[in-house]
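Shown next, in structure tokens, is the structure this report addresses.
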Amino acid sequence: MKAIDIINIMNRWAPLYLIDSWDSTGFQIGDPNKDIKKILVSLDLDREVFEKAKKENIDMIITHHPLLFKPMAKITKEDYKGRLVYDLIKEDIVVYNAHSNLDLAIGGINDTLASLLNLRDIEVLEKVYEEKLYKIVVFVPRTHVEEVRNALGEAKAGWIGNYSHCTYNIDGIGTFMPREGTNPFIGSLNKLEKVEETRIETIIEKRNLNRVLNEMIKAHPYEEVAYDIYPLENTGVQYGYGRVGNIEEIPLNRFLDKIKEELRLDKLRVYGDIDRKIKRVALCGGSGSDFIKSAYYKGADLYLTGDIKYHDGQLAKELGLLLVDGNHFDTEKIILPVIKEKLLQNIEEDIDIILYEKSTAPFVIY
């Protein structure tokens, strides 16, 4: 399997259009046509990860955090990152990462964390992007209704939640008169024709609009296809940082035990009044201190994230919000087995996928 095929699997899950403006992520090093037999999945890429990849004869490294986050003025062996990039290229190892797009993606880091903690009625904590929706209406002769309807569905029209191929159909009579220079599928020149047709209506996300139109026109028998496109005010799929949801009300200490169990942690840092019960939880894997107020406005009793600073704790206290620091690495490492499973579900060839689950910024608590 080629590297580009692996990259396309990841990009379909964590689309490039979800990459935030401050971020630099994606396919960063290597040959897109390299044959891939072994993949190493890690949160970061440092010298230790590289040495592991070299020892295991890895062809491709997939990470969450980008190796090339800031522009490099030069690639030489004079500094740490330069040596690392130099050696990755020398060993012909492909490097790909999914960063902010994997934070936002459906089934990405934050959905995984919310699932582990059994959150219900889940919402996005801080919205970044919302799909624009359109309705398309096309008129099809009865003989080709199934063909056109199926082409629409296969091109991702009519996908609503977990339902696909959703359409509404009305039968009627279409009229037209072929003129000079036409080559009509039905009818004769300069003669008014009446044809039994079906009006098919369906909904489309903006990113799929052009593909849907192309596939619809290819499946349609008419020389000139009659269709309408309407912009909708309906709320499309929302993407954003963090999640917020509900749980059965329990004492804080029991919920903290749940967090430690799922994240495989011995200790947590907790800011706020610990003598209380919890029923609404906000979370953001990685570094989410920017969304403390969002958690408060969403009605959360507790907010779990990483990289909490002293003044973040003060703000949470002022808001009456419990703040839990599960640290950056441990609130994101949960995505590594999910990446492996996602790839295995979409790869038909025999490819070995190894997880590197050590923190590249380790610390100990005495």
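Identify, from the list ILE39, ILE75, the residue that is of a type outside the set (D, E, K, R) and under 24 Å from ASN346 (Cβ atoms).
ILE39
Just to be sure I understand, how many residues within region 233-248 are at pLDDT 95 or above and surrounded by fewer than 13 Cβ atoms within 10 Å (Cβ to Cβ)?
1
Do we find that LYS156 is surrounded by 12 or more Cβ atoms within 10 Å (Cβ to Cβ) and outside any strand (DSSP E or B) in this structure?
For LYS156, the condition - surrounded by 12 or more Cβ atoms within 10 Å (Cβ to Cβ) and outside any strand (DSSP E or B) - is met.
Just to be sure I understand the filter: pairs with C-beta atoms under 9 Å, separated by 6 or more residues or on different chains, first member in region 254-269 and without any contact (Cβ under 8 Å) to a residue 40 or more places away in the chain, second member hydrophobic (A, V, I, L, M, F, W, C). Which pairs pass?
Final answer for the pair search is ARG254/ILE278; LYS260/LEU268.
Looking for something under 14 Å from LEU117 (Cα atoms), under 30 Å from the mean Cα position of the chain (by Cα) and of a type outside the set (Ser, Thr, Tyr) - is there at least one such residue anywhere in region 301-309?
yes
Kindly evaluate ARG280 against the criterion of being at pLDDT below 95, farther than 30 Å from TYR134 by Cβ and open to solvent by 30 Å² or more (accessible area, probe 1.4 Å).
Answer is no for this residue.
When the residues of region 8-51 are filtered to those that are open to solvent by 70 Å² or more (accessible area, probe 1.4 Å) and not in a loop (DSSP other than H, G, I, E, B), which remaining residue is nearest to LYS206 (Cα to Cα)?
Going through the qualifying residues, I end up with TYR17.
Considering region 297-349 alone, what residues qualify as being assigned to a helix (DSSP H, G or I) and basic (Lys, Arg)?
Scanning region 297-349 gives LYS317, LYS340, LYS342.
Is it fair to say VAL148 is within 29 Å of GLU233 (Cα to Cα), touching a His at 6+ places or on another chain (Cβ under 9 Å), among the hydrophobic types (A, V, I, L, M, F, W, C) and in a strand (DSSP E or B)?
In short, no.
Each row is one residue, and each column tells you yes or no for (1) in the same structural domain as VAL225 (by the TED database); (2) modelled with pLDDT of 95 or more; (3) under 30 Å from ASP23 (Cβ atoms).
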| position | (1), (2), (3) |
| --- | --- |
| ASN110 | no, yes, yes |
| LEU116 | no, yes, yes |
| ILE136 | yes, yes, no |
| GLU146 | yes, yes, no |
| ALA151 | yes, yes, no |
| ALA155 | yes, yes, yes |
| CYS166 | yes, yes, no |
| ASN169 | yes, yes, no |
| GLY174 | yes, no, no |
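Report yes if TYR356 is buried (at least 19 other Cβ atoms within 10 Å of the Cβ), of a type in the set (Phe, Trp, Tyr), over 20 Å from ASP46 (Cβ atoms) and modelled with pLDDT of 95 or more, otherwise no.
no
Of everything in region 159-204, what is surrounded by fewer than 11 Cβ atoms within 10 Å (Cβ to Cβ), touching a strand residue (DSSP E or B) at 6+ places or on another chain (Cβ under 9 Å) and in a loop (DSSP other than H, G, I, E, B)? Give them in sequence order.
Result: LEU192, single match.
Tell me which residues, restricted to region 336-347, are without any contact (Cβ under 8 Å) to a residue 40 or more places away in the chain and open to solvent by 70 Å² or more (accessible area, probe 1.4 Å).
GLU341, LEU344, GLN345
The values are calculated or read from the model by the stated rules, or taken from the named source; none is laboratory data. A quick note: this is a predicted structure, and the numbers were derived from the prediction, not measured. Every residue, glycine as well, gets a Cβ built from its backbone with ideal geometry; the counts of neighbours run over all protein chains shown. Heavy atoms of the whole protein, side chains included, go into the accessibility calculation; ligands, DNA and RNA do not. Shrake-Rupley method; radii C 1.70, N 1.55, O 1.52, S 1.80 Å.
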